[in-house]
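This report refers to the structure that appears directly beneath it.
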Amino acid sequence: MRTSLTLLFLFLIQLSWAQEEDPMKYRHFASVTFAYGIVPQGSDEDNIEKGHLVPALGADYLFRLAPKWEVGLMVDFELATYVIPRKENLKRERALLIVPVGVYNILPGWSAFGGAGIELEKHKNLPVFRLGTEYSFPIKNRWVIPVGIFMDVKEGYENFSFSVGIGRSF
């Protein structure tokens, strides 16, 4: 099983190298994504069990500075309400995350990113640090399907997410 996954991964990398264009030709990239995250410390308001799933919609914009480096903005809107149990419970209700990021392109199509931003929410705004990786599967005419995993570190808790979307270079 592990060998099959390794071969599949190498095949996908080879495909992206075969379709490689001048990385500085299209400096802009925009995408919309759907993410599903888990907040291990979170729970429903009426439930004390920990571990809450949080769906989110996102929009990303990146600008290529050099062949391997990009800067951009990731904006996510969480579609859930949950509580972080504490001495004084921290309620999170449909939060908006705005995170400026720096991106390093490890291989064509595969990148790592990190950044610090803010989570805006009506009960309490929180600083957020995001770290993750993404692989973009090329479709056609500079369209890609970005698939990523990332972690958001917030005040006293973390959120681990998996995302998939559609994006285009221009």
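The values are calculated or read from the model by the stated rules, or taken from the named source; none is laboratory data. As the structure is a computational prediction, the values presented were derived from the model and not from experiment. All Cβ positions, glycine included, derive from the backbone under ideal geometry; neighbour counts span all protein chains shown.
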remark   = From the option list Val103, Val75, single residue qualifying as in a strand (DSSP E or B), among the aliphatic types (A, V, I, L, M) and touching a Ser or Thr at 6+ places or on another chain (Cβ under 6 Å) is Val103
ask   = Can you name the residue in region 63-74 that is within 19 Å of Met151 (Cβ to Cβ) and out of contact with any Leu (no Cβ under 7 Å at 6 or more places or on another chain) and is also surrounded by the fewest Cβ atoms within 10 Å (Cβ to Cβ) among such residues?
value = Leu73
query = So how many residues does region 105-146 have that are over 15 Å from Val71 (Cα atoms) and of a type in the set (Asp, Glu)?
reply = 2
query = Is it the case that some residue within region 156-167 is among the β-branched types (Val, Ile, Thr) and within 9 Å of the chain's Cα centre (by Cα)?
reply = yes
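Run down Leu126, Leu131, Leu97 and say which single residue is among the hydrophobic types (A, V, I, L, M, F, W, C) and surrounded by fewer than 18 Cβ atoms within 10 Å (Cβ to Cβ).
On the way: Leu126 fails: surrounded by fewer than 18 Cβ atoms within 10 Å (Cβ to Cβ); Leu97 fails: surrounded by fewer than 18 Cβ atoms within 10 Å (Cβ to Cβ).
From the options Leu126, Leu131, Leu97, the qualifying one is Leu131.
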ask   = Just wondering, is there one or more residues in region 99-110 that are in contact with a helix residue (DSSP H, G or I) (Cβ under 7 Å, 6 or more places away or on another chain), in contact (Cβ under 8 Å) with a residue 40 or more places away in the chain and on the phi > 0 side of the Ramachandran plot?
value = yes
ask   = Does Pro55 qualify as being over 14 Å from Tyr157 (Cβ atoms) and not charged (D, E, K, R)?
value = yes
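Suppose we filter Leu53, Leu12 for residues that are surrounded by 11 or more Cβ atoms within 10 Å (Cβ to Cβ), hydrophobic (A, V, I, L, M, F, W, C), under 21 Å from the mean Cα position of the chain (by Cα) and at pLDDT 70 or above; which single one remains?
Details: Leu12 fails: at pLDDT 70 or above.
Just one listed residue meets the conditions, Leu53.
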query = Taking into account only those residues within region 31-50 that are surrounded by 20 or more Cβ atoms within 10 Å (Cβ to Cβ) and over 24 Å from Trp110 (Cβ atoms), which is modelled with the highest pLDDT?
reply = Val39
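Under the condition of being of a type in the set (A, V, I, L, M) and over 16 Å from Leu62 (Cα atoms), which residue from region 100-123 is surrounded by the fewest Cβ atoms within 10 Å (Cβ to Cβ)? Give the steps one after another, and end with the answer.
Here is the first cut: in region 100-123, the ones of a type in the set (A, V, I, L, M) are 101, 103, 106-107, 112, 116, 118, 120.
Narrowing the set further to residues that are over 16 Å from Leu62 (Cα atoms) leaves 107, 118, 120.
Values: Leu107: 12, Ile118: 15, Leu120: 14.
The extreme case among them is Leu107.
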query = Given the structure, is Lys124 modelled with pLDDT under 95, over 16 Å from Asp152 (Cα atoms) and not in a loop (DSSP other than H, G, I, E, B)?
reply = no
request  = Read through the list (1) touching a residue at least 40 places away in the same chain (Cβ under 8 Å); (2) out of contact with any Lys or Arg (no Cβ under 6 Å at 6 or more places or on another chain), then give the number of the only condition that Trp69 fails.
outcome  = (1)
